[in-house]
Amino acid sequence: MSIFEDEAKQSMKKSVEAFVSEIAKLRSGRAHPNLLDHIRVENYGSESPLKQVASVVVEDARTLAVTPWEKSMVPKIEKAIKTSNLGINPVVNGGTVRVPMPPLTEERRQDLVKVARAEAENARVSVRNNRRQVLSDAKQMLKEKEITQDEEREVSNNVQIITDKAISEIDEHLSHKEKDLTSV
């Protein structure tokens, strides 16, 4: 495997991972600890990820329980969750913040599917841009006579295979997310 294929695999893998992390933020009706991953909490004068100041566990199918390491963090965590634009209202219960997930309306589910599809298209564009960059680098090396035409053609074919695989991964993740979002 050449440096071109390694570069293509690495960059396309990052695009797929970024897509997966983006769609993980889209909530279905079910509780999942990853829903709160992007929330940052004020902690000793700086912003910290919620995971670093509390444990997040699934209490039941529609409720998350956030237990801070320090009791003084409870109001800060509650405020951070309320202002997170997730459309959820946390409930403080002693030293634990419970986060009930309201059921989604059909219209909201369809909106979330559209958002997931848009994110998938952005990821596909990113993968294609990575392919174009790698092929451009290979063509440049061909111009400078550092590789032969046959090697450049082989790189092109192999990079296309890697691209197709990355795009099918994106489509697979999108399909699972759509199923998750549309199931009641």
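The values are calculated or read from the model by the stated rules, or taken from the named source; none is laboratory data. It should be emphasised that the depicted structure is a prediction, and the values quoted were computed from it without experimental measurement. Please note: Cβ atoms are built from the backbone with ideal geometry, for glycine as well, and neighbour counts cover all protein chains shown.
In table form, for the structure just shown:
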{"read-out": "Pairs where the first residue, in segment 1-26, is touching a residue at least 40 places away in the same chain (Cβ under 8 Å) and under 14 Å from D171 (Cα atoms) and the second is hydroxyl-bearing (S, T, Y) and surrounded by 13 or more Cβ atoms within 10 Å (Cβ to Cβ), C-beta under 6 Å, 6+ apart", "value": "S15/S126"}
{"read-out": "Criterion: touching a strand residue (DSSP E or B) at 6+ places or on another chain (Cβ under 8 Å), charged (D, E, K, R) and assigned to a helix (DSSP H, G or I) - qualifying residue of E107, E121, E78", "value": "E78"}
{"read-out": "Odd one out for W69, checked against (1) out of contact with any Leu (no Cβ under 9 Å at 6 or more places or on another chain); (2) surrounded by fewer than 13 Cβ atoms within 10 Å (Cβ to Cβ); (3) closer than 30 Å to S2 by Cβ", "value": "(3)"}
{"read-out": "Number of the exception - I39 against (1) farther than 24 Å from D111 by Cβ; (2) not assigned by TED's automatic domain parsing to the domain that holds L142", "value": "(1)"}
{"read-out": "Residue in segment 4-49 that is modelled with the lowest pLDDT, counting only those that are in a loop (DSSP other than H, G, I, E, B) and either among the hydroxyl-bearing types (S, T, Y) or touching a Phe, Trp or Tyr at 6+ places or on another chain (Cβ under 6 Å) (or both)", "value": "S28"}
{"read-out": "Candidates A65, A61, A54 - the one that is out of contact with any Ser or Thr (no Cβ under 7 Å at 6 or more places or on another chain) and of a type in the set (G, A, S)", "value": "A61"}
